[in-house]
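S.K.: Here you go, one structure.
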Amino acid sequence: MNKKINIALIIICFFLNSCSSNLKIRKEIKITKQDHFTFATSNERTNFSPIDISLPLEKVWNYSGPAGISSNQPLVIDSLVIIGFKNGEIHILNLITGKRISKSKMKIPIIGTPVLNKNTIFIPMANDEMSLRSYNLINGKLNWSKKIDGIETALLLENDSLYGSTVNGIVFLINSETGKTTWEHKAKKMIRSSISCDNDKIFFGCDDGALYALNKKDGKIIWQFYTKAPITGSTSVDNDNDYIYVGSNDNFIYCLNSSNGELKWKFNSESVIRSGPAIDDSCVYFGNLFGDLFALNKYDGSLVWKLKTGSNISSSPTVSNNYLMVGLFNHNLYIINKFSGEKLSQYSFEGRVIASPVIWKNYILVCSEDYDITLFKF
């Protein structure tokens, strides 16, 4: 009996050690307003960075990962780049040098975007075997793990509330400190749209064609709005005006009142919209599978400009104070004057650019298929 217990303890210790797997750093992380601790810049998923970009861009380094990169973005915090790969590895890089600081292999694909709070990272896994994990980045140890369903969307963290959704349509709230579930909501179909939020609600699109608003505290439906096809992209929330923007596979982008789900306006792009929009103080920007890139007046949905890129657009644009950037299936990154729609520059890569570029201080980080991460500075 004692021998069996000792063997069991050895197995448990081996498992715990494999979970830590050197995913650690040597310093306390300091998060500032310029950092990208979550997908699409903020919990509102605006894809907006209040920075003036200057051209041309200068390439600083290129890093080749061990496997494919999904359309979800890396995190950029305190001069660190944190990115997951489809082979289950997660790497932490020094942003300035492009050198790897640490890595861990989970053996389960990482499709969704992790989220970070101080020195703790929460990692979604695309498999129902321990599909959510919390790590302490200072000591590299596993805080807790949870078996839900496979998670292929971005996590959302607000204080100690961790929200997420699974491929089987489960939306959840978990206490980030303990890993205990507060509530779960079961949607009708698969969820491929990353959750966004305002002060009291979370929002997500579903393959049943609906945009849902749930109460943050109890997961109850506050309102739902149906489009005519699945919603796969994230939603963008404009808290100042109580608006929410979402694109649908039915070719339309919609603006709704975020409080009650009332339709404010809709715009027909004439092709499938797979990704979420970007918003600033005046416009909403998005692309479709025809390769058309749009800027609309965010208050009435009128067309400001339209640019034909000639290539599939399946990632969200990134908008700054002066420019708009969008990745294309034709291996290019376009940089556009956001006021006029004029293409100012393009940068080419070996693979398709399917993730939104990340702006951090005077740097721009671009991920392209299958493995490459490229840093530019301006």
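S.K.: Could you give me the residue pairs with C-beta distances under 6 Å whose first residue belongs to region 323-344 and is free of Cβ contacts under 8 Å to residues at least 12 places away in the same chain, whose second residue is surrounded by 16 or more Cβ atoms within 10 Å (Cβ to Cβ) and of a type in the set (Lys, Arg) wherever it lies, and which are 6+ apart or on separate chains?
M.R.: none
S.K.: In addition: From the list 310, 327, 351, which one is of a type outside the set (A, V, I, L, M), crowded, with 21+ Cβ neighbours inside 10 Å and more than 17 Å from residue 60 (Cβ to Cβ)?
M.R.: Sole residue among the options that is of a type outside the set (A, V, I, L, M), crowded, with 21+ Cβ neighbours inside 10 Å and more than 17 Å from residue 60 (Cβ to Cβ): 327.
S.K.: Residues in region 345-378 that are without any contact (Cβ under 8 Å) to a residue 24 or more places away in the chain, of a type outside the set (Gly, Ala, Ser) and assigned to a strand (DSSP E or B): how many?
M.R.: Selection size over region 345-378: 1.
S.K.: Moving to a separate point now. Just name the residue that is farthest from residue 152 (Cα to Cα) out of those in region 207-237 that are polar (S, T, N, Q) and in a loop (DSSP other than H, G, I, E, B).
M.R.: Filtering region 207-237 for residues that are polar (S, T, N, Q) and in a loop (DSSP other than H, G, I, E, B), the one farthest from residue 152 (Cα to Cα) comes out as 227.
S.K.: Just to be sure, is residue 296 closer than 26 Å to residue 36 by Cα, of a type in the set (A, V, I, L, M, F, W, C) and assigned to a strand (DSSP E or B)?
M.R.: So residue 296 passes the test.
S.K.: So which residues in region 328-344 are in a strand (DSSP E or B) and either in contact with a Phe, Trp or Tyr (Cβ under 8 Å, 6 or more places away or on another chain) or farther than 19 Å from residue 47 by Cβ (or both), if there are any at all?
M.R.: 332, 333, 335, 336, 337, 343, 344 - these are the residues of region 328-344 that are in a strand (DSSP E or B) and either in contact with a Phe, Trp or Tyr (Cβ under 8 Å, 6 or more places away or on another chain) or farther than 19 Å from residue 47 by Cβ (or both).
S.K.: All but one of (1) part of a strand (DSSP E or B); (2) at pLDDT below 95; (3) hydroxyl-bearing (Ser, Thr, Tyr) hold for residue 314; state the number of the condition that does not hold.
M.R.: Just one mismatch for residue 314, condition (1).
S.K.: Give me the pairs, please: first residue somewhere in region 154-179 and under 11 Å from residue 43 (Cα atoms), second residue anywhere and surrounded by fewer than 24 Cβ atoms within 10 Å (Cβ to Cβ) and small (Gly, Ala, Ser), beta-carbon distance under 7 Å, and either six or more positions apart or on two chains.
M.R.: 157/176
S.K.: In region 356-376, what residues are out of contact with any His (no Cβ under 8 Å at 6 or more places or on another chain), closer than 17 Å to residue 323 by Cα, surrounded by 21 or more Cβ atoms within 10 Å (Cβ to Cβ) and hydrophobic (A, V, I, L, M, F, W, C)?
M.R.: 359, 364, 365, 366
S.K.: A further question follows. For region 263-293, which positions are β-branched (Val, Ile, Thr) and assigned to a strand (DSSP E or B)?
M.R.: 279, 284
S.K.: Further, regarding this structure: For region 190-206, enumerate the residues that are polar (S, T, N, Q) and surrounded by fewer than 24 Cβ atoms within 10 Å (Cβ to Cβ).
M.R.: Scanning region 190-206 gives a single hit, 199.
S.K.: State whether the residues of region 213-221 include one that is buried (at least 23 other Cβ atoms within 10 Å of the Cβ), without any contact (Cβ under 8 Å) to a residue 60 or more places away in the chain and touching a Phe, Trp or Tyr at 6+ places or on another chain (Cβ under 9 Å).
M.R.: Looking through region 213-221, at least one residue is buried (at least 23 other Cβ atoms within 10 Å of the Cβ), without any contact (Cβ under 8 Å) to a residue 60 or more places away in the chain and touching a Phe, Trp or Tyr at 6+ places or on another chain (Cβ under 9 Å).
S.K.: For the subset of region 93-134 comprising residues that are assigned to a loop (DSSP other than H, G, I, E, B) and among the basic types (Lys, Arg), which member is nearest to the chain's Cα centre (by Cα)?
M.R.: Checking each candidate, the answer is 118.
S.K.: So is residue 209 modelled with pLDDT under 95 and surrounded by 16 or more Cβ atoms within 10 Å (Cβ to Cβ) or not?
M.R.: Against the criterion (modelled with pLDDT under 95 and surrounded by 16 or more Cβ atoms within 10 Å (Cβ to Cβ)), residue 209 does not qualify.
S.K.: Name the single residue that is surrounded by the fewest Cβ atoms within 10 Å (Cβ to Cβ) among those in region 238-262 being closer than 13 Å to residue 210 by Cα and among the small types (Gly, Ala, Ser).
M.R.: The residue in question is 261.
S.K.: Next question, about the same structure. Quick one: residue 303 ticks every box in (1) aliphatic (A, V, I, L, M); (2) modelled with pLDDT of 95 or more; (3) within 18 Å of the chain's Cα centre (by Cα) except a single one, so which number is it?
M.R.: (3)
Residues checked against (1) assigned to a strand (DSSP E or B); (2) more than 18 Å from the chain's Cα centre (by Cα):
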{"position": "139", "(1), (2)": "no, yes"}
{"position": "162", "(1), (2)": "yes, no"}
{"position": "167", "(1), (2)": "no, no"}
{"position": "171", "(1), (2)": "yes, no"}
{"position": "188", "(1), (2)": "no, yes"}
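The values are calculated or read from the model by the stated rules, or taken from the named source; none is laboratory data. It should be emphasised that the depicted structure is a prediction, and the values quoted were computed from it without experimental measurement. FYI the Cβ positions are ideal-geometry reconstructions off the backbone, even for glycines, and counts take in every protein chain you see.
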